[in-house]
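Here is the structure we will look at, set down as structure tokens.
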């Protein structure tokens, strides 16, 4: 019997497969394309952008409200029933807040990647040449974006979960996943800096990130099922 915390039987199975496949992309890059810590750190940053972009339409189309769970005199609850205006406001707030979050992540990722390039000495390809200046890197971005999109269509749009989702709930949904990933990436970055980023350490970072993401999916899927049952 499948344990309840594994979201296979009734949880987001397509998202589970999408997470596994998307985490195999950087592993493939390290194992077969000669990628190092530079490409992995920037790819994880781009993945955050993809998650944010896919979250925005969920916010803008979420139809449910929290009015039954709140006091009718709560001004925020009154705003929740404002319909399109409330969804638009929540979406704009998310764009600004998540955008600042991604900007801070970009500064950290690019500075750390530049440090790894500097350790290799004069003549080593720069951060841009290895990432956004490489066609192979763009193919990796496209694959991750498509996998996340397919997972969202199959597990959110097709079951019409937007009918029971709230704009506020969808706005906060990616932060739990991103928080777990950032803790993992920070730990992995420390390992890379300590070991001077050999291939096995980069692969270890990929594995840690995959495990953290799958664990986060299991946790939040369990919480969603608990809310639904209550």
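Filtering the stretch 105-152 down to residues that are within 26 Å of residue 175 (Cβ to Cβ) and in a loop (DSSP other than H, G, I, E, B), which residue is modelled with the highest pLDDT?
That would be 131.
Got at least one residue in the stretch 177-184 being at pLDDT below 80, within 15 Å of the chain's Cα centre (by Cα), farther than 24 Å from residue 58 by Cα and surrounded by fewer than 17 Cβ atoms within 10 Å (Cβ to Cβ)?
yes
Quick check on the stretch 4-20. Is at least one of its residues modelled with pLDDT of 90 or more and surrounded by 13 or more Cβ atoms within 10 Å (Cβ to Cβ)?
As a first pass, look at the stretch 4-20 and keep what is modelled with pLDDT of 90 or more: none.
No, the stretch 4-20 contains no residue that is modelled with pLDDT of 90 or more and surrounded by 13 or more Cβ atoms within 10 Å (Cβ to Cβ).
List every residue pair whose Cβ atoms sit under 6 Å apart, with the two residues 6 or more apart in sequence or on different chains, where the first one lies in the stretch 204-224 and is on the phi > 0 side of the Ramachandran plot and modelled with pLDDT under 70 and the second, anywhere, is buried (at least 16 other Cβ atoms within 10 Å of the Cβ) and assigned to a helix (DSSP H, G or I).
none
Any residue at all in the stretch 43-63 that's part of a loop (DSSP other than H, G, I, E, B) and either at pLDDT 85 or above or touching a helix residue (DSSP H, G or I) at 6+ places or on another chain (Cβ under 7 Å) (or both)?
Of the residues in the stretch 43-63, the ones part of a loop (DSSP other than H, G, I, E, B) are 62-63.
From what's left, either at pLDDT 85 or above or touching a helix residue (DSSP H, G or I) at 6+ places or on another chain (Cβ under 7 Å) (or both): 62-63.
The answer is yes, given that some residue of the stretch 43-63 is part of a loop (DSSP other than H, G, I, E, B) and either at pLDDT 85 or above or touching a helix residue (DSSP H, G or I) at 6+ places or on another chain (Cβ under 7 Å) (or both).
Only one residue in 99, 91, 121, 104 is exposed (fewer than 13 other Cβ atoms within 10 Å of the Cβ) and touching a helix residue (DSSP H, G or I) at 6+ places or on another chain (Cβ under 9 Å). Which one?
Working: 91 fails: exposed (fewer than 13 other Cβ atoms within 10 Å of the Cβ); 121 fails: touching a helix residue (DSSP H, G or I) at 6+ places or on another chain (Cβ under 9 Å); 104 fails: touching a helix residue (DSSP H, G or I) at 6+ places or on another chain (Cβ under 9 Å).
Matching residue, one of 99, 91, 121, 104: 99.
Taking the conditions exactly as written (within 21 Å of the chain's Cα centre (by Cα), farther than 19 Å from residue 101 by Cα and not in a helix (DSSP H, G or I)), does residue 165 satisfy them or not?
Judged against the criteria, residue 165 is a match.
The values are calculated or read from the model by the stated rules, or taken from the named source; none is laboratory data. Keep in mind the model is a prediction, meaning the values are calculated, not measured. Ideal geometry is used to build each Cβ from the backbone, glycine not excepted, and the neighbour counts take in all protein chains shown.
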